[in-house]
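Step one of this worksheet: look at the structure below.
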């Protein structure tokens, strides 16, 4: 028996050795093949000069994105969002402990640093007030009274996955905030929860287009027939790519998404750079009036501010036509990023950041006497209470966020949004990757994030001695200048807008 056992062991060892030799041989053959391919190709210099081992350079470059995030970047230095910002968003979404110990890691010396000025007599609990509801589109047949100052920004079904849209919709309903559909049209996922929706009309008119891509009044009425569709937003431009339309890779255009958008399945969805039927401020006001008359609901537009003259021309035209011709709201997007896939030259170099455009727009609306007629919505990297409070202090009536709510869904900033390989299932249509995103669980996190944002802004508000967030103004904020000292925001932007939304 012992001899038989030894014989089997010897045979097994022989098989393992043979297998190892075979694998070694295959590996050697593979190396030789790769070597030949590398030295004969003429596209990549590194691979041609350093065959085989040169390929590690591309692997390390890819892995660098992830290693920097977890091992090398400091809490406050990473872009587009640093670890401290993401950490707050994650804790808010999970509704876990939000207090930290041993002081702030935030450097208060760089130029542009924002600081809120606490009052010697902060608002007591019994004096604090909940944010007042604000009505948009008073003159419309169906005006919208919004109860939340912090809402979900435009992210389309297609750019985001089915479970992600499902979770955002449920979370918006639970938190009593609105959700913007993005330019991809409205889907059953948006409607399922009953949350308030803002329907975005992009340059391709997805969801409300005729076969030849023109705006369809009939489809506008069909969309408006859903009671939860509360407003319409014309997208002129967005922060990720000012001056270029939406980009949805062919791999993301499923049969369902193609049907919603009225485009062919399996083909890239590339929107025009601008609206073919909006080529002037006259056209824009005409389009706003057309959509408002057709749907009976508030209509505004979204834009990144770059060239400023067109907006001055628009405001002057509104004065000439009458205040009733004005958009019911303007969404000001920041040029410093955005959740959409975009060419790097546009991501990095085109448009004004929100810190410059938001106060300017609010001041111009005030100067033209339109500040109360046109509500202002701020968008762009506003994922923490301090940034939302800053936007309200500058003059915004509402703040919307896309990437903040993506973090609430579990986004890890893997920078794979446009590649259909998102590891958290948020921006991919790969069913295996979507499996990890459970809508019921993430919807709870979306609602937590929204509520904790409102609570965090309230903390700053009450520390400044006012009763509710929209009573913040520029005198409550100071900005660090180049000499290392700070000045009030009201001095940096001296044209103080009237107190927004009619608060005393």
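The values are calculated or read from the model by the stated rules, or taken from the named source; none is laboratory data. Because the structure is predicted, anything quoted here is derived from the model rather than measured. Every residue, glycine among them, receives a Cβ derived from its backbone with ideal geometry; neighbour counts consider all protein chains shown.
For residue 487, the conditions (1) surrounded by 22 or more Cβ atoms within 10 Å (Cβ to Cβ); (2) within 20 Å of residue 119 (Cβ to Cβ) all hold with the exception of (1).
Within the bounds of the range 352-370, is there any residue that is touching a helix residue (DSSP H, G or I) at 6+ places or on another chain (Cβ under 8 Å), in a loop (DSSP other than H, G, I, E, B), in the same structural domain as residue 479 (by TED's automatic domain parsing) and in contact (Cβ under 8 Å) with a residue 60 or more places away in the chain? No - not one qualifying residue is present in the range 352-370. The condition (being surrounded by 10 or more Cβ atoms within 10 Å (Cβ to Cβ) and modelled with pLDDT of 85 or more) is satisfied by just one residue among 56, 35, 20: 35. Just one of the listed residues (398, 405) is touching a strand residue (DSSP E or B) at 6+ places or on another chain (Cβ under 7 Å), in contact (Cβ under 8 Å) with a residue 40 or more places away in the chain and within 25 Å of residue 253 (Cβ to Cβ), namely 405.
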